[in-house]
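The next block holds one structure in the form of structure tokens; read it before the comments.
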Amino acid sequence: MKLIGVLIQYGARAVARTFSYVYYGRKKIEPRFRVKINFNNKEIMGFVTDVTDENRSQEELEQELGYQIKEIKEADIIDEEPLINDELMSLAEKVADYYISPLIGVLQAMLPKTLSPKLSSLHGPKIAYEKWVKCLDKDEEGLTPKQIEMLRLIADNEEILKKEAGSPAVLNALIEKGKVQTFSKEKNRFVLPIEERENPHEMSVEQRIAYDNILNSPKNVVLLQGVTGSGKTEVYLRLSEKYLDDGKTVLMLVPEINLTPQMVEYFSRRFGPKVAILHSELTPGERYDEYRRIAQGKAQIVVGARSAIFAPLTNLGLIILDEEHVESYKQDNAPHYHAREVAIFRGEISGAKVLLGSATPTLETKARALRGVYGYAEMKHRVNQRPLPQTNIIDLCNRANYDKCSEKLTKPVLNAIKERMERGEQSLLLINRRGYWTAVNCPRCGYIFTCPQCGGNLTYHSYDKMLKCHHCGEVSIYPNECPQCKNTKLRRVGYGTERIEEELNDIIPGIRVARIDSDVSQVSKKMESILKDFKKGEYDVLVGTQMIAKGHDFPKVTMSSVVMADIGLSLPTYRAAERTFGLIAQAVGRSGRADKEGIAYIQTYNPNHYAIVFGATQDYEKFFLREMMERKNAQYPPFVYLILLEFSCANEEKCVNAAYDFKFALQDRKLDTLTLVGPLTPFYSIVGGKYKRVLLLKMKKRDEIVSVLKELLNSPIANSGVDITVDVDPLDY
């Protein structure tokens, strides 16, 4: 008899422990296998953590443990080999420990749907097969002309798809005569487009110095800070080539799915079929195939978004995070991991070098580089030696800047767009707000149309005439009247990408405008198609949200503009200035990247705000010094660690009481370096019918406080019927 330790598929803290089962069968069962189990009289999925031979009887064990032990049958064993290797298991345990998350939740985030330790995984895609035909005997004696024709086709190609062979009757005749044989071969549901191969470009002096500094750095983690257009991608490619030559594998992460095709293209041109891709826009079948191809060692380079950090590469030598400052590297639901930290954990476990690339690194990353915790390499100039764009800050409070045709786009911006059209060049307009009107209200009674689920303002989208919540996804039909006073004349205020697109079409005859935002990107391949067409010059202007500000290289763009630079500054987060600076610097950097000089315009109601002034000039060092002073005064990262506790319950009073009880329990421990903020009512205070409260923990020393926090989360105080979510290193508050 074997005693089996099993994690169950539920991520609730109350059941986030190992449960014991017995196994009497002969079929192989090992740690990291999935098994179907009976838990609380319900069939669910389990994940085996340990297997031990047991000399005692089941009755003796049950008497010792004090409860009945259930049995796992041979038919309940799902896998024939462990799902993950030792390295990935160690990584999962490290991530679960750091992010104070149940291990099963990390494993479910790590594995593709078909391999996930959830019962639903059994309904996921399986290996797909195709029928092929191969030649056994080339002798044509006694064959009809049709049979000879088919035999020669098969023989000339050694093996072909059955459906390509031709007539089934002729094929069956050849099979009966022993001339050919059919067989099954695994089908790849995802095939990368074949790119024209290219040789490495000659590196500039700065690129060569950065390349050498990264390779020779004694630090396991290195920051590569390079201005927009400095050629960081070529450094990534050269480093990848070096590690591949040394027999190692490479993991290349990008922050947004829309950047993945571009990076895949760069790597495919250089490395061909060695490249695999992992991101959420692959179908479950495609993702399963790519995951297996990587696990089988058929790909040596993986390019992907956040979750690709868990790719099953072996002999890992290099992990690259491009645009490491971008917040989409942070998972917004449990286990709330950040790909940067996971990359560093994985580098420690595997011995791989971790490269963090950015023109505007996060303050935490830059501070660690300055303290010598990370290595550092820098590229201060663009590859083609072109100057950074001339940048103009336009004060929206000054009415002289407006054109009578528009309340949203100023005269300098409209004139610049027209000039680019005349010269056959392109413009890029960034407004980090999608939709048409950003709020709808009633001017008679003051009623504001808000989301019934979370309380956020609803945004009007003109393309489908719907009101939408950009926080929780709630949608409703645009109303004909105010539900409170029945007034039919509603007030619409604000503007987003849709309205800017429409206004350009109204103002400038013959203009060709494309729009990129998450409404467009939800249609498969549509965004990729628009970006390709824009790059080919089929549009004059690209209007978009922050998606268009990161990582793209548009040679014909010589004018970029941030339409409303103040949007991010009003958000209730300590990162507001950093986000605004980064967005402006990235947007400005899209202009003038090829052989023509660029220009940029920043429209703002706060022309003197340091984030806008330094962002416009891309002066990261001055911004860093000023923002570090602000963070130190307010005691935010990198000067303290943060952990956010979110309390959630359908009963508001119960939610509030649980938050205060937890706060008082922490205060009773008298932890010297801990500061508690709250409980606070978050901006979105009701989600899915549940009330929310948050408690922010600020700490100078992490380990002691985390130890106490874990203890309290496993105590009765955390099991009062109120859900508690832990977000380690939150990006807001």
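The values are calculated or read from the model by the stated rules, or taken from the named source; none is laboratory data. All of these numbers come straight from a predicted model, not from anything done at the bench. In this analysis, Cβ positions are derived from the backbone assuming ideal geometry, glycine residues included, and neighbour counts consider all displayed protein chains. These area figures cover heavy atoms from the full protein model, side chains too; ligands, DNA and RNA do not enter into them. Shrake-Rupley method; radii C 1.70, N 1.55, O 1.52, S 1.80 Å.
Summary of computed values
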| read-out | value |
| --- | --- |
| Accessible area (Å², per residue) of region 93-201, counting only protein heavy atoms and a probe of 1.4 Å | 59 |
| Region 219-354 - percent relative contact order, Cα under 8 Å, separation 6 or more | 31 |
| Over region 576-662, equivalent-ellipsoid semi-axes from the Cα gyration tensor in Å | 39, 17, 12 |
| Pairwise centroid distance, computed over Cα atoms, of region 29-54 with region 335-410, Å | 46 |
| Region 89-144 - Debye-derived log10 I(q)/I(0), Cα point model, q = 0.23, 0.27, 0.29 Å⁻¹ | -0.91, -1.03, -1.08 |
| Mean shadow area of region 278-409 over all directions, Cα convex hull, nm² | 13.9 |
| Overall dimensions of region 174-318 by Cα: Rg and Dmax, Å | 18.2, 68 |
| Net charge dipole size for the chain [Lys, Arg +1 and Asp, Glu -1 on Cβ; Debye, nearest 20] | 1340 |
| For peptides 166-176, 396-406, sequence by mean Cβ density within 10 Å, most packed first | 166-176, 396-406 |
| Solvent-accessible area, 1.4 Å probe, carbon plus sulfur percent, for region 335-401 | 48 |
| Range of Cα positions in the chain per principal axis (Å), largest first | 87, 79, 64 |
| Listed residues R579, R152 arranged by accessible area, highest first, probe 1.4 Å | R152, R579 |
| Kirkwood-type radius of region 1-87, with distances r between different C-alpha atoms, in Å | 13.3 |
| Most to least packed among 199-205, 274-280 [average Cβ atoms within 10 Å] | 274-280, 199-205 |
| Listed residue (L3, V250, I477) projecting farthest to the positive dipole end of the chain, Cβ model | I477 |
| Translational D in µm²/s for region 102-248 (Stokes-Einstein at 25 °C, 0.890 mPa s, Kirkwood Rh from C-alpha pairs) | 115 |
| Gained length - D668 relative to K187, 0.36 nm times residue gap less alpha-carbon distance | 167.1 nm |
| Projected-area average for region 36-150 over all orientations - Cα convex hull basis, square nanometres | 14.4 |
| Spin-label model distance (nm) - R197 vs F683, 7 Å beyond Cα toward Cβ | 5.0 |
| Full-extension gain in nm, M466 to A14, via 0.36 nm per residue minus C-alpha separation | 158.6 nm |
| Chain lengthening between A576 and I148 when straightened (0.36 nm per residue, less Cα-Cα) | 146.7 nm |
| Reachable aspartates and glutamates, given that their alpha-carbon falls under 13 Å from the alpha-carbon of K94 and they are not under 8 places away in the same chain | D86, E341, E348 |
| Percent of C-alpha pairs per 10 Å bin, region 193-243, short to long | 21, 54, 20, 5 |
| T488-E59 FRET efficiency (beta carbon distance; Förster radius 60 Å; 0.05 resolution) | 0.20 |
| Region 230-298: Cα Rg divided by the 2.2 N^0.38 Å rule of thumb | 1.14 |
| With 5 Å bins from 0: P(r) over region 46-86, alpha-carbon pairs, percent | 5, 15, 22, 23, 16, 11, 7, 0 |
| Computed over the chain: relative contact order in percent, which uses C-alpha pairs under 8 Å that are six or more apart | 10 |
| Over 26 Å (Cα to Cα) - which of K632/K692; K185/K298; K404/K486; K535/K596; K298/K556; K219/K670 fall in this group | K632/K692; K404/K486; K298/K556; K219/K670 |
| Sequence ranges 662-673, 416-427, ranked by mean other-Cβ count within 10 angstrom, highest first | 416-427, 662-673 |
| Test item: Cα-centred dipole of region 53-148, Lys/Arg +1 and Asp/Glu -1 on Cβ, debye | 820 |
| Furthest towards positive pole of dipole, A295, I500, Y236, structure part the chain, Cβ charges | I500 |
| Nitroxide proxy distance, nm - points 7 Å out along Cα→Cβ at D395 and K632 | 3.2 |
| Computed label-point distance, nm, for sites K411 and H123 using a 7 Å Cα→Cβ extension | 6.3 |
| Region 683-733 - Rg (one decimal) and Dmax (whole number), Cα, Å | 12.8, 36 |
| Relative contact order %, region 145-286, counting alpha carbon pairs below 8 Å whose residues are six or more apart | 25 |
